[in-house]
Amino acid sequence: MNLSARRIRGIFRKELRDYRRNVPVIVSMAYLPLIFLIQPIVVIFKVDSSTAQIISHAPVLLYMLAIPALTPAMVAAYAVIGERQQGTLEPVLTTPIRREELLLGKAMAALVPSVAVSYTVFAVFVLVVDIFAAHGIAAALIQGPQLLAQLVFTPLLAAASIWIGIAISTRSNDVRSAQAFSLLATIPLAVPTALMAFKVIPATLGIALGFAAVLVLADGLGWRFVSAMFDRERLITGTR
Amino acid sequence: MQTQPQPVPPHNTTSPALSVERLSKRFGDRIAFDDVSFEVGPGEVFGFLGPNGAGKTTTVRTLGTLIAPTSGLATVAGIPLTPENGLEIRRRIAIMPESPGLYLRLSVKENLECFADLYETPKPNDRIRAALQAVNLVDRASDICGSLSKGLRQRVALARALLSDPEVLFLDEPTAGLDPAAAHEVHDLIDTLRRGGVTIFLTTHRLEEAERLCDRVAILNTTLRTIGPPKELRDRLFGKALVIRTVQPLTDPGDVLVGVPAVESWRQDEDGTYILVVSDVAAAAPAITRALVAAGADVLSISESRHSLEDVYLKLIDQDGETDPK
Ligand SMILES: Nc1ncnc2c1ncn2[C@@H]1O[C@H](COP(=O)(O)OP(=O)(O)OP(=O)(O)O)[C@@H](O)[C@H]1O
Ligand SMILES: [Mg+2]
């Protein structure tokens, strides 16, 4: 199958232009990260230097990976059902676009802002901690391997989250329920890193690599799977 | 991943642009259209008429590869309608759907840019400009679509359908909701496209539109009721007739009218006009005039009876009283 880079780019560019001006999408992209940013900042300000000792033994920051695990699905949930409700899906499907191209363009358009938001929130958090937290806290929190994990896992988790969101979107009949289901369905993605953050499972390099491998595989299969689920006729007529 | 320009075989001007054979579509046990057969020649403007729920949109969607037929065969732009050929067919056609479906938060130009990419149009900026020129929208290119009136949105959708230079253009009620002047502009555009050799499949409720634009029309009401050039349909259904007005009623019309060449029968309407069913208008009219003058009648007018396509339509749709099959 020869995919057309130009068609994928066409969808990608259109989606970004649309998202920029779509307030509900911006809100759904922003509000989870804000909760995840404010809550730990409040906590960090309450703790004093004596806590540093405890924190330094747990990869607490991995908990921030819940942002790329949960947020992108909220945007992706909009991808298919949003267009269907606006009545813009039919004209797109009359063009020679393949469903794989359409879905990849949409997934990439959800990925770019989600990853940007996740990195930004993380950077702001680290900065705030570095500048304002009590003595020793910053050094204990911010550890090299965790920064690397943040960098690598953010796009991998975001992509998985997006395929879940799009899969739900192709099957939904309205945007709100698609978003609600997507949030529920992506919670398992946030579990492994949260368990590591709270030392329920050890944060070893082997486990991290294994988790990364699983995510890479899931991201690839997600594209295939969602493409197979995408049924032009049902999306146009609402039957079957 | 790569962009691969597909070789397009030279356009065959003798084979039909659309050929449909016993095509049917059901949604569960509801029949959208049934046993429909017709052919549309290359460069023809073909009108598809029918009441609400007749199956026009479903036919367009089926031929446009958006939904699969339940049974029957079709070729679209020379390619057999099968699930595998969907992409190849969609490359050669364009559909303007019933509702424009524009991205309302994007500008006119941004909407067209997206579709130029989807069709992999070469020189997109030139084509977008040409399409906007064709629908007279160049100066609105940077307007956000959500701020446009219904008629302007319709025109953007039309420009979008022109981007890819399609062989077959499906227009699903392109003038629905347009004011007469705007509809007239669309008609002119269709005329221009016809001269450019584009095959046009036009669904409409507006009979005068079909009559003006279409080489042939089909009347659908779940099943195909009739098909042919508008004039031929009128003649076939109503026969040819002459309408005669005189200043004073004829004293003995039977005496004057019977036996005139090419006149088959006559009757008198309530308003005093005489209606003559004739086999040949050109032969009957002069003969009648001479007969009337010879009988000393003062003739006010002799004209050919003009049954409109609307008369044909209403008569056919009314047949077997089945306007809604559900
Ligand atoms: N998705 C669908 N599910 C079930 N029935 C459908 C669906 N789409 C169309 N139909 C039925 O098929 C028939 C034909 O509908 P269609 O929309 O093709 O008519 P139309 O001729 O385009 O009407 P209009 O002039 O109102 O646009 C109708 O009875 C309609 O209810
Ligand atoms: Mg319709």
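Each value in this text was obtained by applying a stated rule to the coordinates, not by laboratory testing. No experiment lies behind these values; they were computed from the predicted model shown. Here the Cβ is made from the backbone with ideal geometry for all residues, glycine too, and neighbour counts use every protein chain on show.
For this structure, a couple of remarks:
- For region A:91-221, the relative contact order comes to 25 percent (Cα pairs under 8 Å, sequence separation of at least 6).
- log₁₀ of I(q)/I(0) at q = 0.08, 0.14 Å⁻¹ - chain B, Debye sum with one point per alpha carbon: -0.49, -1.07
- For chain B, averaging the sequence separation of C-alpha pairs within contact (under 8 Å, six or more residues apart) and dividing by the residue count gives a relative contact order of 19 percent.
- In a reduced charge model with +1 at each Lys and Arg Cβ and -1 at each Asp and Glu Cβ, the protein assembly as shown shows a dipole moment near 2320 debye about its Cα centre.
- Considering all C-alpha pairs of region B:235-283, those separated by over 15 Å amount to 44%.
- Degrees between helix A:5-20 axis and first principal axis of chain A (Cα, 0 to 90, nearest 10): 60
- Exercise: per-residue mean of other protein chain Cβ atoms within 10 Å, B:23-34: 1
- Between B:V108, B:S301, B:T199, the Cα set farthest toward the positive side of the dipole of chain B (charges on each charged residue's Cβ, about the Cα centre) is that of B:V108.
- Net dipole in debye of region A:5-237 [+1 Lys, Arg Cβ; -1 Asp, Glu Cβ; about Cα centre; nearest 20]: 600
- Relative contact order of region A:5-237, defined on C-alpha pairs under 8 angstrom at six or more residues apart (%): 34
- DSSP beta bridge pairing in the protein assembly as shown, given as percent antiparallel to the nearest 5: 65
- Positive-pole candidate from A:L65, A:A107, A:Q143, dipole of chain A, charges at beta carbon: A:A107
- Counting only alpha carbon atoms, the long axis of helix A:144-171 and the longest principal axis of chain A meet at about 30°.
- Helix axis angle, A:205-229 relative to chain A longest principal axis, alpha carbon, degrees: 20
- Pairs over the 24 Å Cα-Cα cut-off, from the set B:K56/B:K150; B:K56/B:K231; B:K123/B:K150; A:K14/B:K25; B:K56/B:K315: B:K123/B:K150; A:K14/B:K25.
- Top of B:I144, B:I95, B:I302 by mean-square fluctuation, Gaussian network on chain B, Cα under 10 Å: B:I302
- Dipole orientation for the protein assembly as shown: of the candidates A:S161, B:L118, B:Q268, A:S161 has the Cα lying most toward the positive pole (charges on Cβ; Lys, Arg +1; Asp, Glu -1).
- Per-q log10 I(q)/I(0), region B:207-326, q = 0.14, 0.16 Å⁻¹ (Debye; single scatterer per alpha-carbon; no solvent): -0.68, -0.80
- Within-15-Å neighbourhood charge of A:G82 [Cβ basis; K, R +1; D, E -1]: +4
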